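Shown next, in structure tokens, is the structure this report addresses.
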Amino acid sequence: MINRLDDLYEAIKQNPPKKIVIAAAEEKGIIKLVGDAVNLGIADFILVGDKEKIRALLIHEDIDYKNLEITDRPDHREAAEEAVKLVNEGKANVIMKGDLHTATFLKAVLDKNKGLRKGDLISQITVYEKMEGEGLQLLTDCAMNIAPSLEEKKQIINNAVDLALKLGYEKPRVALLSALEAVNIAIPDTVDAAILSKMADRGQIKNAVIDGPFALDNAISIDAARQKNIHGEVAGRADIVMVPNLQVGNALHKALTYFANKRIAAAIMGTTAPIVMTSRTDPVDTKLLSIALAIFVS
């Protein structure tokens, strides 16, 4: 079981390095990240993009490009499509977004005929070490789905449970977040949480213990749950926290980094191969941990 983020590095080093293909790799920060990952011995890379610019950056950063595969695709659409193709052909295990628009990248990734689509929905998951107790906690969805429907929330839960199982949880506890812990008809998210909890009770969502609605405090703090007289297997002990919408998820994701100074990794789930899609403002540590998480999942 992975209990700490640094355990990801140790786990993936037990096997030969996996290969990551980067679409539109011709950017200084990306090349530096490649150098850091290679030095750590956690991955090999295929760099797709403007070959001359990529080589110039590698030379500038004093990275030996002789051991790196470079595919010349200066056009961003073609670079994204080539990266997806390499994954589908089994030549790469993980795909990573480089210096191109997210829409261009995702259009290639989610193409119905040639992409990496596995189901109806992909979702983002933020992973960090728990505030209370041991182990990792998963927060979803912080980047992809704006205002998910009830059915989409079910799929977001399934994606997060899938990742938790891969990390070693046998039956993760899922807390469905809202502004309060009581069902209130005026707050639709509390009603969705109650329905999803009952769906889990009836076996419509499997491999997890699901409860909600919860306010954030009584989802992650045993003391807060006790003070509000909230009982149950999930209360105060959540392994997965599912937010009601993108605004909440995005704010909590950034609060973890900027307010709490937590180390985090990010995963995209719901595709046939792991995706690394970090923000340009993310710390290098977050980007490296996200790469390690994607490799571990692969």
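The values are calculated or read from the model by the stated rules, or taken from the named source; none is laboratory data. Note that the structure is predicted; figures quoted are calculated from it, not measured. Glycine also receives a Cβ, built like all others from the backbone with ideal geometry; neighbour counts cover every protein chain displayed. All accessible areas refer to the heavy atoms of the entire protein, side chains included, with ligands and DNA or RNA removed. Shrake-Rupley method; radii C 1.70, N 1.55, O 1.52, S 1.80 Å.
Here are some notes:
- Any hit, the stretch 105-115, residues being assigned to a loop (DSSP other than H, G, I, E, B), closer than 18 Å to LEU47 by Cβ and in contact with a strand residue (DSSP E or B) (Cβ under 9 Å, 6 or more places away or on another chain): no
- Helices (runs of 4 or more DSSP H) contained entirely in the stretch 196-295, each with at least 1 residues that are touching a Phe, Trp or Tyr at 6+ places or on another chain (Cβ under 7 Å), surrounded by fewer than 24 Cβ atoms within 10 Å (Cβ to Cβ) and of a type outside the set (Ser, Thr, Tyr): 246-258
- Among residues of the stretch 140-158 that are closer than 15 Å to LEU196 by Cβ, those with a beta-carbon under 9 Å from a residue that is among the polar types (S, T, N, Q) and open to solvent by 50 Å² or more (accessible area, probe 1.4 Å) at least six positions away or on a different chain give the pairs LYS154/GLN204; ASN158/ASN207.
- Residue in the stretch 169-192 that is touching a Lys or Arg at 6+ places or on another chain (Cβ under 7 Å), within 21 Å of ALA267 (Cβ to Cβ) and open to solvent by less than 30 Å² (accessible area, probe 1.4 Å) present: no
- Hey, ASP192 touching a residue at least 24 places away in the same chain (Cβ under 8 Å) and either farther than 30 Å from THR278 by Cα or assigned to a helix (DSSP H, G or I) (or both) or not: yes
- Any chance LYS91 is under 16 Å from the mean Cα position of the chain (by Cα) and among the basic types (Lys, Arg): no
- Condition check for ILE42: among the β-branched types (Val, Ile, Thr) and either at pLDDT below 95 or surrounded by fewer than 22 Cβ atoms within 10 Å (Cβ to Cβ) (or both): yes
- Matching helices (runs of 4 or more DSSP H) fully within the stretch 16-100 where at least 2 residues are basic (Lys, Arg) and under 21 Å from PRO283 (Cβ atoms): 28-40
- Test: residue in the stretch 64-72 that is of a type in the set (Phe, Trp, Tyr) and open to solvent by 30 Å² or more (accessible area, probe 1.4 Å): yes
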